[in-house]
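J.: Just passing along the structure, written as structure tokens.
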Amino acid sequence: MDTQIGRMALEVSAKEEVADGVVALTLAHPASARLPDWTPGAHIDLFLPVGVTRQYSLCGDRWDPYTYRVAVLRERDGRGGSTYVHDTLSPGDRVDAGGPRNHFPLAPSEKYLFIGGGIGITPLLPMVHAAEVLGTDWQLLYGGRTRASMAFAEELAGTHGKRVHVVPQDERGLLDLPAWLGTPIPDTKIYCCGPAPLLAAVEAACAAWPPNTLRTERFTAGEQAAPVRETSFEVELRRSGRSVTVTPDDTVLEAVRRAGAEVVTSCEQGTCGTCLTPVLEGTPDHRDAILTGHERAVGDCMFLCVSRSCGDRLVLDL
Ligand code: FES
């Protein structure tokens, strides 16, 4: 997994409304320096002065080394991050950014089916571009509440014609997933980003597809099953030589901080990837929304903010 983390002050060089309730920000280095490279599916953290950190998918041109572009949906029930971006952040302002990091990388494939719901279109934009550049067969299924709320729908349909299927719910209803996913298509990978109900519906509709066909990115952690282990367990911090008990009421993050470990975090919900930590011994109970099935099975890393232990003991590289 790509775990590149850095923190830099960026300047807002442009801000434009790209749909009802969605603004796109163009961010650049204040001294016009090159920005760290990224790949389709990557996101950056924005450390907003209202005290919240938010992750936004990079949706601009990955071959432009001087600017990042993100699109921000106004979230009425959020903690003020999107309200600040919409109402206060202006061209010329500076904002701290972290990353970029990519937990949703585009794997090589003969064909792609991209499925985006609402603002979930953003990580798919550079993927569509990459698939086009590679000459790969691809299609995009894009659903949203109304046409006016669907950022980039017009330019996608205008540029790519029949490969793009725009489905505003008020005109055409929900995405017809049984029609699209009812029969597995050989040599195809599916990339889906959007609200939790869409991801759940796509996961269910892909049950008969080969393993590892579907990759999803969610912005909030999904419904969680009960932890594998309901009792306390020990965590050894191998590098610092300390051990700590994680009770059923603790997160591993809280426990290791109590033991003096410094761990950088952002979302603390298992969705951003900031707290990724190598596991040296033991079997993690993965409870994040990031790792693939294969990465979970390997078990050599975990997200301390949400994941726990299947056994009596974990040894972490801390
Ligand atoms: Fe975001 Fe742990 S802090 S995954």
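J.: Among 314, 253, 276, 280, which is the only one that is away from the ligand (no atom under 11 Å from the Cβ) and surrounded by 16 or more Cβ atoms within 10 Å (Cβ to Cβ)?
T.: Only one candidate passes the filter, namely 314.
J.: Under the condition of being in a strand (DSSP E or B) and touching a Leu at 6+ places or on another chain (Cβ under 9 Å), which residue from the stretch 252-301 is nearest to residue 229 (Cα to Cα)?
T.: Restricting to residues being in a strand (DSSP E or B) and touching a Leu at 6+ places or on another chain (Cβ under 9 Å), the top hit is 284.
J.: Pairs please, first residue from the stretch 296-308 and more than 11 Å from the ligand (Cβ to nearest atom), second anywhere and assigned to a loop (DSSP other than H, G, I, E, B), Cβ atoms under 6 Å, 6+ apart in sequence or on different chains.
T.: Within 6 Å, the pairs are 296/286; 299/283; 308/227.
J.: Considering (1) part of a helix (DSSP H, G or I); (2) at positive phi, say which one residue 92 fails and leave the rest.
T.: If we test residue 92 against (1) part of a helix (DSSP H, G or I); (2) at positive phi, just (1) comes out false.
J.: Name the residues in the stretch 7-29 that are part of a strand (DSSP E or B) and among the acidic types (Asp, Glu), would you?
T.: Scanning the stretch 7-29 gives 11, 16, 17.
J.: Kindly list the number of the only condition in (1) surrounded by fewer than 17 Cβ atoms within 10 Å (Cβ to Cβ); (2) closer than 30 Å to residue 294 by Cα; (3) small (Gly, Ala, Ser) that fails for residue 158.
T.: Evaluating residue 158 over (1) surrounded by fewer than 17 Cβ atoms within 10 Å (Cβ to Cβ); (2) closer than 30 Å to residue 294 by Cα; (3) small (Gly, Ala, Ser) leaves (2) as the failure.
J.: Can you spot a residue in the stretch 61-71 that is closer than 15 Å to residue 11 by Cβ, under 14 Å from the mean Cα position of the chain (by Cα) and in contact (Cβ under 8 Å) with a residue 12 or more places away in the chain?
T.: Yes - at least one qualifying residue is present in the stretch 61-71.
J.: Restricting attention to the stretch 30-43, does a residue exist that is more than 20 Å from residue 127 (Cα to Cα), hydroxyl-bearing (Ser, Thr, Tyr) and outside any strand (DSSP E or B)?
T.: Step one: list which residues in the stretch 30-43 are more than 20 Å from residue 127 (Cα to Cα), which gives 30-34.
Retained after the next criterion (residues that are hydroxyl-bearing (Ser, Thr, Tyr)): 32.
Those still in the list that are outside any strand (DSSP E or B) too: 32.
Within the stretch 30-43, one or more residues are more than 20 Å from residue 127 (Cα to Cα), hydroxyl-bearing (Ser, Thr, Tyr) and outside any strand (DSSP E or B).
Each value in this text was obtained by applying a stated rule to the coordinates, not by laboratory testing. Everything numeric here is computed off the predicted structure, so don't read it as measured data. All Cβ positions, even for glycine, are placed from backbone atoms using ideal geometry, and neighbour counts span all protein chains on display.
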